Amino acid sequence: MSFNQNASLIFSRIAQMLELLGSDRFRVNAANKASRELKALTADLEPLARAEDTKALTTHDGIGKGTAAKLIELAQSGTISEHDELATRVPAGLMEVLSIPGLGPKTVKLMWDDLKIESIADLKSEIDKGTVADLPRMGAKTIENITAAIQFMESSGDRLHLGLAMPIANRIIEYMQSIQGTIKAQYAGSLRRGEETIGDIDILIATTDPDAARDAFTTIQGVTRILASGETKSSIRYAISTENQRFKDLAVPAEIQIDLRIVPDESWGAALAYFTGSKDHNVALRKAALKQGMTLNEYGLFQSKDPEGTPIACHTEEAIYIALNLEPVAPPMRQDRGELALKEHLPLIELTDIKADLHTHTTDSDGKLSLEESATIARDRDFHTLAITDHSQSSAIANGLKPDRLRKQIKAIHDFNNSFEGLHIIAGSEVDILVDGSLDYDDDLLNELDIVVASPHAGLRAKPKQATKRLLKAICHPSVHILGHPTGRLIQRRAGLEPDITELIAAAVEHDVALEINSHWMRLDLRDTHVRAAVEAGCKIAINCDVHNASDYDNIIYGILTAQRGWLTPDQCINAWDHDRLHTWLKSKR
DNA sequence: GCCGTTTTCGGCCCGACTGTTTTCAGTCG
């Protein structure tokens, strides 16, 4: 694990332990903020910490003198004494109790103090004994809810992949739109921000018939439990169908929580902004409002002195940003990572900008589409270019092509292209980057290809230094256009490589190689923070679907959301370039 | 613990829902 990730985990645990010890909530917030900042940072802080460079460390948001000193201590001794000291006072199992939905620090501390509950197992046994019911404010209903929450947690430990949550949300939106009285329906929350995994789904609706909406929502097919059903908020647990055969080996939670918020149509924009978050972005937005003598809540932006009066802005999200003298911020960018400091409009990449897919497989290797089927789909999507990039010879399991098969395929693709109207199809390969960093075909054959996507597939547990060296070697190869799914991670399943991303980006800029955002929701690799660093360095980015079957083309939305989280503009994305610009660049490497 | 164009101290976002009370504490987002 990298220094930043390790530090992020430690600060997150410090925050939890402080909370359980009843510490000042602002100190808890500060530790959490430092943890999030460290998690999102691309630049490795270890060298700065080793050099005891407090000044450089504290340039990062949320890292002050205190946190900097702890980072220095971590770099020097491998541990933070505050954490170790807290850990002697707070049992490890108590943190798990705290993670049960509905149980907060106050209740957990009470259980710990009065009943010596130090783990989920303790909690279960005390509930069975009936002792928990003796605690203050602990009625039968609360205990039943805790029992259900433990069960929910045990069956749904992991978060849901973006690509699995989105179709569920879309189905529910469609259903809610069919209910009498619905004016608008839209998902918000982490799903709208395009986070790689989703904890729960937030749905907003404006309606003339709130009762009908609430009744429809809480009785929707798949509801396993109703958690809340109020005037403006309803909350359900929803069973996730596992009909998806393709990913039957994927550990998918059995249920997900879905919240429905019924909001007045006139405050739609304020509500959408509020429930889209992120929490940090909202806090920053509210602070900006307060500074300008205004106050912001989910009903609108108001004059501070007249919070009950007519709102200054409320109908649309844009109106709120504009009234605050801020550039409107696209949902995926709302992370409180500098987006409110933007002084001019950022032409963020959109779905409609994508005019080419440069990483697709056919039946020649492990794809399910023929060349013609894939080409037809690409043309229907108004693409101008499609690259066929089947696997290379070492990927035996994926039916990788030996040199003679590849040469035949190149000719077949060029012939097909001559007879196919309305789309330029080029011959490429997704060439394995072997463990030593060399490529899986000789240089002559690589030069015969119109495009080379070099990707790591095996040896994904290598040490960071070795991984960096391996990927750098591939980037420096003169025939390579794109570094495909650079880390090889699979979300919630495989960590993949942990190369020094800053070094890779610098090399990619120097050697004019594009780094790929692989749009498959299992990969999203590059991830959002890597994209942001690459964008800042002026690196070219590719957004590809790694197509194996027809529905994979639809995954492009997840790649776009990830790109937007990294502030990518169409000018820096080779898939958004027009035909001539793209092909001039491709040929520049031949 | 962090932060600052009202700045080195004194704040730190704000409302809904539940379950337990009988006016509100705790949790969540």
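Computed from the coordinates by the stated procedures, all read-outs in this text should not be read as laboratory data. Everything quoted here is computed from the prediction, not taken from an experiment. In this analysis, Cβ positions are derived from the backbone assuming ideal geometry, glycine residues included, and neighbour counts consider all displayed protein chains.
Things worth noting here:
- Reduced Cα scattering model of the stretch A:281-413, Debye log10 I(q)/I(0), q = 0.17, 0.21 Å⁻¹: -0.87, -1.15
- For the stretch A:469-501 versus the stretch A:193-243, the spacing of their alpha-carbon centroids is 39 Å.
- Rg/Rh, computed from the Cα trace of chain A with Rh as the Kirkwood radius, has the value 0.99.
- The label-point distance for A:K408 and A:D436, in a model that sets each label 7 Å from Cα toward Cβ, rounds to 3.0 nm.
- In this Cβ point-charge picture (+1 for Lys and Arg, -1 for Asp and Glu), chain A has a dipole of about 1080 debye about its Cα centre.
- Gain on full extension, evaluated as 0.36 nm per residue between A:T363 and A:K233 minus their Cα-Cα distance, stands at 41.9 nm.
- Members of A:K473/A:K589; A:K39/A:K70; A:K408/A:K589; A:K39/A:K473 lying beyond 18 Å, as alpha-carbon distances in this model show: A:K408/A:K589; A:K39/A:K473
- A:N297 long-range amide H proximity, modeled H, under 5 Å: A:F302
- Gain upon complete extension [A:T147, A:S178; 0.36 nm per residue less C-alpha separation]: 7.7 nm
- Modelled spin labels at A:D554 and A:L135, positioned 7 Å past Cα toward Cβ, are 4.4 nm from each other.
- Of the GluC sites (Glu not before Pro) found in the stretch A:404-507, those in coil by DSSP whose Cβ has at most 14 other Cβ atoms within 10 Å are A:E421.
- Cα-based equivalent ellipsoid of the stretch A:208-333: semi-axis lengths in Å, sorted from largest, via gyration tensor: 34, 19, 11
- Under 13 Å, Cβ to Cβ, from A:W112 - net charge with Lys/Arg +1 and Asp/Glu -1: -3
- Overall form of the stretch A:270-341: prolate. Here a/c, set by the Cα gyration tensor axes a ≥ b ≥ c, is 1.5 or more, and a/b is the larger of a/b and b/c.
- Coil-residue trypsin sites (Lys or Arg not before Pro) of the stretch A:208-317, DSSP, other Cβ within 10 Å capped at 11: A:K248, A:K305
- Averaging the sequence gap over all C-alpha pairs within less than 8 Å and six or more residues apart, then dividing by the number of residues, gives chain A a relative contact order of 9 percent.
- Taking every DSSP helix (H) stretch of at least 4 residues in chain A, weighting each as -39,500 (n - 2.57) and dividing the sum by the residue count yields a mean residue ellipticity at 222 nm of -12500 deg cm²/dmol.
- Angle between chain A longest axis and helix A:105-115 axis [Cα atoms, degrees, rounded to 10]: 60
- Length gained on full extension, A:E154 to A:E73: 25.5 nm, using 0.36 nm per residue less the C-alpha separation.
- A:S81 paired with A:S304, simple spin-label distance in nm, labels 7 Å along Cα-to-beta-carbon: 4.2
- Each Lys or Arg adds one and each Asp or Glu subtracts one; over the other residues with Cβ under 9 Å from the Cβ of A:Q76, this totals -1.
- Whichever lysines have a C-alpha closer than 17 Å to that of A:K355, once near sequence neighbours (fewer than 8 apart) are set aside: A:K540
- Using the Cβ of A:T59 as centre and a radius below 13 Å, the other residues enclosed give a net charge of -1, where K and R count +1 and D and E count -1.
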